[in-house]
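One structure is given below, encoded as structure tokens.
The values are calculated or read from the model by the stated rules, or taken from the named source; none is laboratory data. Note that the structure is a prediction, hence the values are computed from the model and not measured. Counting neighbours? That spans all protein chains shown, and the Cβs are built from the backbone with ideal geometry, glycine included. We work out accessible area using only protein heavy atoms, side chains counted, and drop any ligands, DNA or RNA first. Shrake-Rupley method; radii C 1.70, N 1.55, O 1.52, S 1.80 Å.
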Amino acid sequence: MFVFIQQRGPDGRPMTRLLAESGPLAGRVFRIEEAITSVGRDAKNQIVLPFEDIAPHHLELRSQEQGISLRALEGEVQVNSKTVREAMLQHGDRIGFVALQKASGASSSQEGEGGSTSDSGGAIFLASQEVRPITDDVRTLIGSTRWGAISPMAGAVTPLSRSGIHATPRAVVADRRSPQERMLEILLAVSKALSRPEDIEQKVQRVLELLFDTMEIDRAALLILGAQTTTSEAARLYGESSTRKEAFHWSAFRDRSGATDSVSLSSTIIARVLREEKAVLTQDAQREEWLDGARSVLGQEIRTCICTPLKTANGVLGVLYADSNRPATSSFTKQDLDFFTAFANQAATAIENARLLQIALEKERFEQDIRLAQQIQRSLFPKEIPHLLNYQLVGESMAMEQVGGDYFDYLMLDEHHLALVVADVSGHGVSSGLIMTMTRSVLRASLQEERSPAQILLRVNQLVSEDMLPRMFVTMLLLIVDLRDGHFVYASAGHDPLLHYQASSHRVQRLKAPGSPLGMSKWARLKPRYRDAEGTLLPHDSLLLYTDGITETANAEGHQFEMERLEALLQAYHNQPAEALLGQIFLSSARFRGPLPPQDDCTIILLKRLRDPKFSPPVA
């Protein structure tokens, strides 16, 4: 009996195959690729059935636009138990060969309407496209049974046994292909089956499924090393029962029943393959001296086994192991070792690609999360500048990484009072960004209840200290300006000095207020004290709030930008609009840094008071 398979392969192209389901050819798969496929005993046929009760040219199959047609030639054919000369085959049709000794005598008694069918050929069953008798269609693709199943050196052959396919003992049939041709064909099919994108867990299980589909084995294991584990270290760990589980990062096992949680493996064999990074073949494990005393070999009654390292261009990925309880007369051969090693190379490449794909996907997801975090953080910065009469206000923050730990804000507390704040969270990246977000929320809430910068910082410190991670803190400079007369009050939580450019003297004054960073009260056991300080912003004066990413910018020689350069820029460009002055500071810092990447987040707020014609005379 045959199964006629019509479906699409992994590459999307249609495949037509004839699978011998029972009889002497059970397990053989014949490709149907020609427009006309002849079937019969003669060697010139595309499908040769070498049995006396099959005609030299028994029937032919033709591929047409409407489907596949059948035409009887020198022998009789049954379709659904009815003798036919020609028929268009439909899914589900049964096709049987009528034995010549039955068909030759029309007068002889025939059983049923069409006579008995030959057991040599059996019946052809045109199956529906959902029929998938072979895992990943490997045996459909290769057109043969397992590697070694019809090897000239094989003795008794274990028949194919899968769901929906009856298997019976069969004779060994000579294969016209050379072992090298068969190996290449099987490996090509395996390569196609392993080419689909899958995660590592799925890929590892698929490798073991394909190994069972292509070799006659009883048990198999695939062990993957950790990213930082060397083969020598893994060999040492696997050799000791107490550390065996630490040797491999990932492991998968399979026996004839399917995937299993574990298989008792020989630590002697595995350790040797890891140490030498070479394949090992044992043809009679029960008698080989170097395995004498190996308890797993003796306990599992292992007769023959193969183990090989999984090698990639980046080194050894792990090991692939297979064994069998077959008799010593049919143990694994050198050809089996060659095939197994080639299979392992295919598997190693597929697993490495799956690992790299998983890393790429995880990196892509991480980058998406970072981009989203960046968008969220940027949305927390001021979206627009308040409209101020006789003042210019600008602010900007540039993160060293995609998510930064700097923060700046400006808020109108009422019609006449403007709050300015810059803050710097210790560290960089996502963790600093999260702390910045927490600090911003607490600060904004506190600004609604208090007008003293020192009291606000005290309140913020109390709240953020409860949730602050050890060794992390926030420096902050908070300033509240009365826009009517330029009077301002400020307080500092361990932040850099406020710079006040005074137009009357053309000098820059550093304004510093005492106070420790926010968030250290709990883990550093500090009792912070903050104090308000005051000043007045006169017409043509400027106030600059910044983070130390500006002043600590370093060049290739290790020199820092320093406060003096920042003060010189305030003096040199004091007549420029606030936005132009801000641009000059960032540009000068970048030029000073040169080709080096930024070492810290950089944030600036610049408030410039313009000339008030009501109260200020023109400046000469």
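The table for this structure:
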{"item": "Computed accessible area, residue 467, all protein chains, 1.4 angstrom probe, square angstrom", "result": "110 Å²"}
{"item": "Under 21 Å from residue 82, Cα to Cα: lysines that are on another chain or at least 8 residues apart", "result": "102"}
{"item": "Candidate lysines for bridging to residue 383, where Cα separation is under 27 Å - those fewer than 8 sequence places away on the same chain excluded", "result": "608"}
{"item": "Protection proxy ranking, peptides 250-256, 204-210, 365-371, average beta carbon neighbours within 10 Å, highest first", "result": "204-210, 250-256, 365-371"}
{"item": "Approximate spin-label separation residue 85-residue 527, in nm, with each point projected 7 Å along Cα-to-Cβ", "result": "11.5 nm"}
{"item": "Rounded if a/c under 1.5, otherwise prolate or oblate - the stretch 462-585, Cα gyration tensor axes", "result": "oblate"}
{"item": "Segment residue 536-residue 33, length gained on full extension (0.36 nm per residue, minus Cα span)", "result": "171.8 nm"}
{"item": "Spin-label pair residue 227/residue 416, simplified geometry with 7 Å Cα→Cβ offset, distance in nm", "result": "6.0 nm"}
{"item": "Most to least packed among 533-542, 385-394 [average Cβ atoms within 10 Å]", "result": "533-542, 385-394"}
{"item": "Highest average packing first - 72-85, 335-348, Cβ atoms within 10 Å", "result": "335-348, 72-85"}
{"item": "Proximal lysines to residue 522, defined as alpha-carbon separation beneath 26 angstrom and excluding residues fewer than eight positions away on the same chain", "result": "512"}
{"item": "Computed E for residue 592/residue 445 - FRET, C-beta separation, R0 41 angstrom, nearest 0.05", "result": "0.60"}
{"item": "In Hz, Karplus ³J(HN,Hα) per residue of the stretch 232-241 (6.51, -1.76, 1.60; θ = phi - 60°; x = Gly, Pro)", "result": "5, 5, 5, 4, 5, 5, 6, x, 10, 4"}
{"item": "FRET E, pair residue 333, residue 276, Förster distance 22 Å, beta-carbon r, rounded to 0.05", "result": "0.60"}
{"item": "Charge dipole magnitude, Cβ of K and R +1, D and E -1 - the stretch 402-537, Cα centre, debye nearest 20", "result": "560 debye"}
